[in-house]
Structures are given as structure tokens and as C-alpha cells.
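The values are calculated or read from the model by the stated rules, or taken from the named source; none is laboratory data. None of these values were measured; they are calculated from a predicted model. Using ideal geometry, Cβ is built from the backbone for each residue, glycine included, and neighbour counts are taken over all protein chains shown. Just the protein is used for accessible areas: all its heavy atoms, side chains included, with ligands, DNA and RNA removed. Shrake-Rupley method; radii C 1.70, N 1.55, O 1.52, S 1.80 Å.
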Amino acid sequence: MNMVNMSLLCVSVPVTIILSIVMSLGVLNACDWALEPFIYTLATSLCSVVIVHKIEKRIDLVFASIVLALYNIVILVLIIVIFNETFTNMGRSLVGVAVNGFISGILTLGFLTPLEMILNTASVFRLLDLSDLNNPLMKKMLISASGTYNHSLMVAQLAESACREIGANALVARVGAYYHD
């Protein structure tokens, strides 16, 4: 369930919150209107939105998976306590939700690059790869058109600073400025 939210690394937070609510309502309907699965799905989905929103590197996704696994355990225990459920199968359930949280992040990491290629979109990770000044295209531009290279760096710095001031996506502006010529 959490893989849907973790895979939306390039989508805005309000969209992922709406997706979390819709997905939770689907679970509510699928579980004959039982409140526990609905609350669990909504809580874990919203936690994954908050966790994934702060990711900047691919390795951060692995750490986010571990944190999400811990949140899943805490949320399940809270739901068991709040709804006065029995703790008979709690061991298996805790292991299951922890594995769900961890595997969701790992699967997201594995499927993210092919999904980016199929959907022709760029996640934060792809933008970071494009912003690397050591990639072959930027090195070629430095050698063959050093003036254009320096101009692109200056425009990127200006665009990034402006975006930070107004609250826009500075990474997108920087990458766009690098490749604008």
C-alpha cells in the first residue's frame, strides 16, 4: 500500500494526500466498512507522504523504508489498543507490517527508474543526476563551449536563488538552467 505513495516522489504533497485518502476509502469499501484497516491505511499512507517528501538521495529511500516500517508497527499497536483488540496474533502482524513498510521502499527504489522512463517524467533522483556537473554532457560543454557553460552556471545560481526566495522548486530551476542553451 505504501509503495504507491513512495513512488510519487516527483508529485506534489497535496496530490499524494488526496491519493492517500482515496486509497484508504477503497480499503474501507473493500473491508466491508471496517474502521481499523481504513485508519491503518490512512495513517501509514500519510506517514509515508511526510517521510518521502524530505528525500533527496536514493539511499534516503532505504532509510525511509526503515522509518516507515517502525511507524507501521507503532500505528498497528495504537489501533490494537484503541479498538480493544486481542494481542493473540500480534507477533505475526507486527512482523507483517514492518516487512510491508520496508519492502515498499525497496520495491519503489527498484521500480522508480523504469517508471520514470515509461512515464517520461523526472523524480528528484533523476533531477539530481542531471544536475551533476561531472556528467559527460556537462564536461563536453565545458571543453567545447566554456562561455555557454559559465553562462549556464550563472543562470542556474540566479534561478535557484530566486526559487528559494519565492518557495518554488529550486532543483527543477537549476537543472533547467543548466540545459537551457
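Table for the structure above
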read-out	value
Residue under evaluation residue 177, criteria (1) aliphatic (A, V, I, L, M); (2) in contact (Cβ under 8 Å) with a residue 12 or more places away in the chain; (3) farther than 21 Å from residue 126 by Cα, criterion not met	(3)
Some residue of the stretch 41-53 being free of Cβ contacts under 8 Å to residues at least 60 places away in the same chain and open to solvent by 90 Å² or more (accessible area, probe 1.4 Å)	yes
Criterion: open to solvent by less than 80 Å² (accessible area, probe 1.4 Å), among the polar types (S, T, N, Q) and closer than 27 Å to residue 66 by Cβ - qualifying residue of 146, 123	123
Selection from the stretch 80-96 of residues that are open to solvent by less than 100 Å² (accessible area, probe 1.4 Å) and either in contact (Cβ under 8 Å) with a residue 40 or more places away in the chain or aromatic (Phe, Trp, Tyr) (or both)	83, 85
Set 112, 28: member being outside any loop (DSSP other than H, G, I, E, B), in contact (Cβ under 8 Å) with a residue 40 or more places away in the chain and crowded, with 17+ Cβ neighbours inside 10 Å	112
